[in-house]
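The values are calculated or read from the model by the stated rules, or taken from the named source; none is laboratory data. Predicted, not measured: the structure shown is a model, and the values here were computed from it. No Cβ is skipped: glycine too gets one built from the backbone with ideal geometry, and neighbour counts run over all protein chains shown. Each accessible area value is taken on the protein alone, full model and side chains, heavy atoms only, with ligands, DNA and RNA left out. Shrake-Rupley method; radii C 1.70, N 1.55, O 1.52, S 1.80 Å.
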Amino acid sequence: ILYNSRNIQDREMLVSWVRSLGPADHEYIVQIDGTDESIGECSLTKQGESAEIGFMLLPKYWHQGYGTEVVNSLIDQARAMKIKELTATTDERNRTAIHVLEKCGFQKQKNGWMVMLQENDSKMDEGQSIILFRKEI
């Protein structure tokens with residue numbers, strides 16, 4: 001179940017993940033249905049007729065189907081918004097995210113390299129090798 005992060009008071013365990021994201025049109029905390037337990041976050045950032053999705057789950061919830069459920073919920077939301085194409089980017093070492101994206105119909109487009117600047121600083125991190133995925137909806 002996706003809940004708009006603006007409506008969730010207690011999200012301390014996810015703050016570092018959320019801070020690392022750029023501005024998103026729709027940002028959510030992921031909770032297990034029927035509980036107040038936050039297990040991750042996800043986002044949908046519209047860019048014209050396309051949008052980029054992002055998702056992160058706490059490690060103890062990996063390999064239980066939650067990632068697939070989150071991505072499928074984002075796809076449904078994008079369809080309702082009349083978005084025609086979704087993209088997602090992941091570290092090439094993140095086999096679980098790659099599996100989830102492929103299971104949900106995303107296709108690999110290209111590999112690249114991403115370097116991030118530290119906030120309010122000109123220092124760059126060492127970067128990471130990434131894969132860009134795409135899905136028409």
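For the residue pair Q31 and L58, what label-to-label distance in nm results when each label sits 7 Å from Cα along the Cα-to-beta-carbon direction?
Taking the simple label geometry, Q31 and L58 are separated by 1.4 nm.
Considering only protein heavy atoms, what per residue accessible area in square angstrom results for region 28-80 with a 1.4 angstrom probe?
With all protein chains present, region 28-80 gives 48 Å² per residue.
Name the long-range amide H neighbours of E92: under 5 Å, sequence gap of 5 or more, or other chain; modelled H, no Pro or chain starts.
Answer set, sorted by chain and number: S129, I130, I131.
Compute the distance in nm between two label points, each set 7 Å from the Cα along the Cα-to-Cβ direction, one at N94 and one at N72.
About 2.1 nm, to one decimal.
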